[in-house]
Amino acid sequence: MAVGEGSGRFEVEVDGERFEVVARPETPGQYDFTWLSGPNPGYGFSSASSDGSDRTAAALEESIRGFLDQVDPVTGYIE
């Protein structure tokens, strides 16, 4: 299942962490992630498919896991 077309804004929980995901309607295949359960309000990341296609739910979860793997547990930021 592709995510993005018509979905706009939604929440995802991955490994106990909650994220708001916003699909950019003006740039297909691009998503902004805000870490809702993280220690730093408003912190997150962006991700895009290389060909502009919508990402699957599994691909979005993989992006979130990649982000979380980079976060310093002490600061809550990518160092």
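Computed from the coordinates by the stated procedures, all read-outs in this text should not be read as laboratory data. On a predicted model such as this, the values are computed, not experimentally measured, just so you know. Using ideal geometry, Cβ is built from the backbone for each residue, glycine included, and neighbour counts are taken over all protein chains shown.
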Query raised in the report: Dipole size in debye (nearest 20) for the chain around its Cα centre, Lys and Arg Cβ +1, Asp and Glu Cβ -1?
Result: 140
Report summary line: Nearest 10, in degrees from 0 to 90: the angle of helix 57-70 to the longest Cα principal axis of the chain is 30
Requested in this report: Find the relative contact order for the stretch 2-70 and round it to a whole percent, using C-alpha pairs within less than 8 Å whose residues are 6+ positions apart.
Outcome: 28
Query raised in the report: Where q = 0.16 Å⁻¹, what log10 of I(q)/I(0) comes from the Debye formula for the chain, counting one point per Cα?
Result: -0.55
**Report entry** Taking Glu26, Glu20 and counting other C-beta atoms within 10 Å, the order from fewest to most
**Finding:** Glu26, Glu20
